[in-house]
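To start, the structure under review is shown below, and the notes come after it.
The values are calculated or read from the model by the stated rules, or taken from the named source; none is laboratory data. It should be emphasised that the depicted structure is a prediction, and the values quoted were computed from it without experimental measurement. Cβ coordinates were reconstructed from backbone atoms using ideal geometry, including for glycine residues, and neighbour counts include every protein chain displayed. Quick note on the areas: whole protein, heavy atoms, side chains included, nothing else; ligands and nucleic acids left out. Shrake-Rupley method; radii C 1.70, N 1.55, O 1.52, S 1.80 Å.
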Amino acid sequence: METYTLTTAGADLVYDVRGPLPTADGRPPLFLIGHPMDASGFVALAARFPDRTVVTYDPRGLGRSTRGDGRVDYTPEVLADDVHAVITELGAGPVEMFASSGGAVTALALVARHPGDVTTLVAHEPPLITITPDGPAAVRARAGVRDAYEKRGWGAGMAAFVAMTSWEGEFTDAYFAQPVPDPAAFGMPAEDDGSRDDPLLSDRSWAVSDHRPDIDAIAAAPTRVVIAVGEESRAVQTGRTSEAAAELLGQRVTVFPSHHGGFLDGEFGYPGKPDEFAARLREVLDAS
């Protein structure tokens, strides 16, 4: 693996390349992206593609990538332009892409803004909360996570986030009538370390989950777009947002093994099924 830094007007973007460029097999590089997950979250998945040239990166302001634009918020358009800059720097033509969570939102914006960058996009569980029928309630639930974080710190915020993302079905009065989640019940610390800059729990990434994809631009692009969902996620928020995104694009979701982080080993606490997940991703990419 080789690590590089690309300096742009607003950020120093760190990315990793596993394998040769140009690629040994003549296929496009496989680019793996997330948000707010950085490259460290794709180690397990990259390892299961030893025959491919795999590229990962840290989004601006996360992991090893720094930002010099004076901002702390994240918008899909800026993130998409960053990914475009890395793809251009690779000089290997368009890429194949697997994009997870907020990275899937970035990738949909990338296809709309830079339609020649990606041949096949597998967008896994994009959290586009405003496109579901209960969008206003989902926005309210998201604000509850931010409020818990602002008032009581990381443990409380993460407990609220877990409660929100594991809720099945629409956000009804029953959801909002629940007692405040206890961090200890989720194995989270109750003490407040004073920080309030978490991109997942603060409002810094709200532009990501508020994003409404440019469906016409995506449809006009030459990119084959696949909206994917984990088999364990179908009833929860990211499963429902995936179904809604697929419907907007006139397709059905493609089901993958496991859950929202199904490509992970146990390094982040809730292991998925990385072997099965990688096999399914390979199958979907090879179907293009």
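Where Lys and Arg each count +1 and Asp and Glu each count -1, what net charge lies around Arg71 among other residues with Cβ under 14 Å from its Cβ?
The answer is -4.
Please work out the FRET efficiency for the pair Thr88 and Asp210, using the Cβ-Cβ distance as r and a Förster radius of 30 Å; give the result to the nearest 0.05.
With a Förster radius of 30 Å, E is 0.65.
In whole Hz, what ³J(HN,Hα) sequence does the range 177-188 give by Karplus (6.51, -1.76, 1.60; θ = phi - 60°), x for Gly and Pro?
Here the 3J(HN,Hα) series is 7, 5, x, 4, x, 8, x, 4, 5, 10, x, 9 Hz.
If DNA, RNA and ligands are ignored and the probe is 1.4 Å, what is the ranking of Val72, Val17 by accessible area, most exposed first?
Descending order: Val72, Val17.
Share of Cα-Cα pairs in the chain beyond 29 Å, in percent?
Considering the chain, 30 percent of its Cα-Cα pairs are separated by more than 29 Å.
Leaving out ligands, DNA and RNA, and with a 1.4 Å probe, what % of the accessible surface on the range 102-257 is carbon or sulfur?
Taking all protein chains in place, the range 102-257 shows 53 percent carbon and sulfur surface.
State whether the range 135-198 is rounded, prolate or oblate according to the following rule on the C-alpha gyration tensor (a ≥ b ≥ c being the square roots of its eigenvalues): a/c under 1.5 gives rounded; otherwise a/b larger than b/c gives prolate, and the remaining case gives oblate.
Prolate is the answer for the range 135-198, as a/c is 1.5 or above and a/b outweighs b/c.
What shape does the range 139-288 take by its C-alpha gyration tensor, where a ≥ b ≥ c are the square roots of the eigenvalues and a/c under 1.5 counts as rounded, a/b above b/c as prolate, and the rest as oblate?
The shape class here is prolate.
Tell me the relative contact order for the chain as a rounded percent, counting alpha carbon contacts under 8 Å between residues six or more apart.
18
Sum up the charges of everything whose Cβ sits under 15 Å from the Cβ of Ala287, counting Lys and Arg as +1 and Asp and Glu as -1, but leave Ala287 out.
Around Ala287, the charge tally is +2.
Mind giving me the nanometre distance, one decimal, between the label points for Thr130 and Glu231, set 7 Å out from Cα along Cα→Cβ?
3.5
Subtracting the Cα-Cα distance from 0.36 nm times the residue separation, let me have the gained length for Asp193 to Thr5 in nm, one decimal.
64.5 nm
Rolling a 1.4 Å sphere over the protein heavy atoms, what is the accessible area per residue of the chain, to the nearest Å²?
Using a 1.4 Å probe on heavy atoms only, each residue of the chain averages 42 Å².
Kindly point out which whole DSSP H helices in the chain project their C-alpha atoms 20 angstrom or further along the helix axis while averaging a Kyte-Doolittle hydropathy of -1.0 or above.
Long hydrophobic helices here: 76-90, 135-152.
Quick one: which of 155-167, 117-129 comes out on top by average Cβ neighbours within 10 Å, and what's the full order, highest first?
The densest-packed peptide leads the list: 117-129, 155-167.
Kirkwood hydrodynamic radius (Cα pairs, Å) of the range 104-150?
After inverting the mean inverse Cα-Cα distance, the result is 12.6 Å.
For the range 81-161, what is the convex hull volume of its Cα atoms per residue in Å³?
Convex hull of Cα atoms, per residue: 119 Å³.
By DSSP, what percent of the beta bridges with both residues in the chain are antiparallel, rounded to the nearest 5?
Taking every DSSP beta bridge within the chain, about 35 percent pair in antiparallel fashion.
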